[in-house]
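For reference, the structure is listed below as C-alpha cells.
The values are calculated or read from the model by the stated rules, or taken from the named source; none is laboratory data. Owing to the predicted nature of the structure, the values given are computational and were not obtained by experimental measurement. In case anyone asks, the SASA skips ligands and DNA or RNA and just uses the protein heavy atoms, side chains included. Shrake-Rupley method; radii C 1.70, N 1.55, O 1.52, S 1.80 Å.
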Amino acid sequence: MPKTIGNPLSWAFGTARSAAGYASSAVDAVAGQHVAAPQTRALTTDDLRDALQKGWDDVQAFRSDVIFVCLLYPIIGGLLAALAVSGAYLQLLFPI
C-alpha cells in the first residue's frame, strides 16, 4: 500500500483499524503464554545529549520549514490578533 497523505477521516479509521488488529494479535499471542515484563533502563545525561543532538541535526537539515512554521506563523497570528483587538474587528479574533 503506498504511503500518501489522506484526509483526517481516512487517517483516523486506518489508525483505529491497525490498533484493533494489533490489540487482537497481542491477545492471541499472550493467551496461554507467560510474558516477561519489559526491561527498562535508567536514562542518563548522555542519552539526553544524544537525543538533543539528533534533534538539532534534524532542524539543521530542514531549517527553512521549521523557521517558517515555528516563528512566522505565531508572529503573524499575534500581529493579526493585536490588530483585531485594537480595531473594531474583535469578532474576527476567533477565525484568526
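Data table
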{"item": "Selection status of THR4, at pLDDT 75 or above and hydroxyl-bearing (Ser, Thr, Tyr)", "result": "no"}
{"item": "Region 28-73: number of residues that are open to solvent by less than 80 Å² (accessible area, probe 1.4 Å), at pLDDT 80 or above and part of a helix (DSSP H, G or I)", "result": "8"}
